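The values are calculated or read from the model by the stated rules, or taken from the named source; none is laboratory data. Remember, it's a predicted structure, so these values are computed and weren't measured experimentally. So basically every Cβ, Gly included, is an ideal-geometry build from the backbone, and we count neighbours across all protein chains shown.
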Amino acid sequence: MPVKLQLSFAKTAPKGDVTTICLIGKKGDIIPHLEQDVAAFLIAAMATAQFTGKAGKSLMIYNDKQSYLLLGTGDKLAPGKDAEIVGGKLFSALAGTASKRGWFPDHKLDATVLADMMFGANLASYYFDSYFTEKNDENNSVRLAVGGDALDENSALFQDREALANGVFLARDLVFEPANKLYPGEFAARCSALSALGLEVEILDEAAMETLGMGALLGVGQGSRRDSFMVVMNWKGGGDEAPFALVGKGVTFDTGGISLKPAKGMEDMKWDMGGAAAVTGAMCAIAGRK
């Protein structure tokens, strides 16, 4: 059963069965400050396991009191993709532990790097279970507590990446939906719901599209018993800056040349709306970052 991420910020480590997470540099440097005897124990364990802190590598270490998750960062933990990848590795490794509880002590990281790490962990926690007969047990979630003062749930950096994650998750949800559930009218309705974020959402029906001369689009829609729609979303957050446009194909099931297509892989035709899903997710993220 997949697990979700419950992220919190704390001044001290949680009580109970909690895995302490340590970032390790390429030379085997332990980044967080640890008690001398703990650091010595970890250094010895790393030597035995030949763990050097290579980027993307992880190592679980146990003693009679505590468990430790060591994550390699390589030469340098840079903001952006590098930090996101480490965060994703953090989530995956923690999800494989018995308690699924982690403590990330203060590593004195740059706030942007830390925010990107947590963003990566959040992205790695995504799964689609809308049609599962058994839902995820919240007690099975990965619970990660983050120490230090660099970041908290009210930080602009954290809120910014939460908005980005919401957009990514929306796009993924839309792509995973089966075509008999996410038909054009339903897709348009989900886009319309984003008006709650401040987006201007206009939905053109077939009559409006015919008036505008959108014959090619209407011709594609004639292969379906469902009505066709076009969605136009506007976010006016740039002041006097020149606007730019994102255009995404939103065909919820591609019936073009269906008589020529083999049965194998036919279910993949539902992904012809992936471009529109990406645009919808982007608009959600843009509006959420206001």
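Take the conditions of a type in the set (Phe, Trp, Tyr), more than 20 Å from residue 284 (Cβ to Cβ) and either assigned to a loop (DSSP other than H, G, I, E, B) or not assigned by TED's automatic domain parsing to the domain that holds residue 279 (or both) and apply them to residue 244. Does it pass?
Details: of a type in the set (Phe, Trp, Tyr): yes; more than 20 Å from residue 284 (Cβ to Cβ): no; either assigned to a loop (DSSP other than H, G, I, E, B) or not assigned by TED's automatic domain parsing to the domain that holds residue 279 (or both): yes.
Judged against the criteria, residue 244 is not a match.
Say we look at region 247-266 and pick out the residues that are surrounded by 12 or more Cβ atoms within 10 Å (Cβ to Cβ), assigned to a loop (DSSP other than H, G, I, E, B) and out of contact with any helix residue (DSSP H, G or I) (no Cβ under 7 Å at 6 or more places or on another chain); which of these is modelled with the highest pLDDT?
Here the answer is 261.
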Requested in this report: Check 194, 218 and return the single one that is touching a helix residue (DSSP H, G or I) at 6+ places or on another chain (Cβ under 7 Å) and touching a residue at least 24 places away in the same chain (Cβ under 8 Å).
Outcome: 194
Query raised in the report: Which one of these does residue 189 not meet: (1) of a type outside the set (Phe, Trp, Tyr); (2) more than 30 Å from residue 132 (Cβ to Cβ); (3) without any contact (Cβ under 8 Å) to a residue 60 or more places away in the chain; (4) part of a helix (DSSP H, G or I)?
Result: (2)
Query raised in the report: Would a scan of region 58-71 turn up a residue that is over 21 Å from residue 101 (Cβ atoms) and assigned by TED's automatic domain parsing to the domain that holds residue 107?
Result: no
Report task. Please list, ordered by first then second residue, the pairs with beta carbon atoms under 6 Å, 6 or more apart or interchain, first in region 58-82 and without any contact (Cβ under 8 Å) to a residue 60 or more places away in the chain, second of a type in the set (Lys, Arg) and not in a helix (DSSP H, G or I). Result -> 72/54; 72/57; 74/26; 75/26
Report task. With the condition kept exactly as written, say whether any residue in region 23-42 is closer than 30 Å to residue 134 by Cα, crowded, with 18+ Cβ neighbours inside 10 Å, among the β-branched types (Val, Ile, Thr) and in the same structural domain as residue 144 (by TED's automatic domain parsing). Result -> no
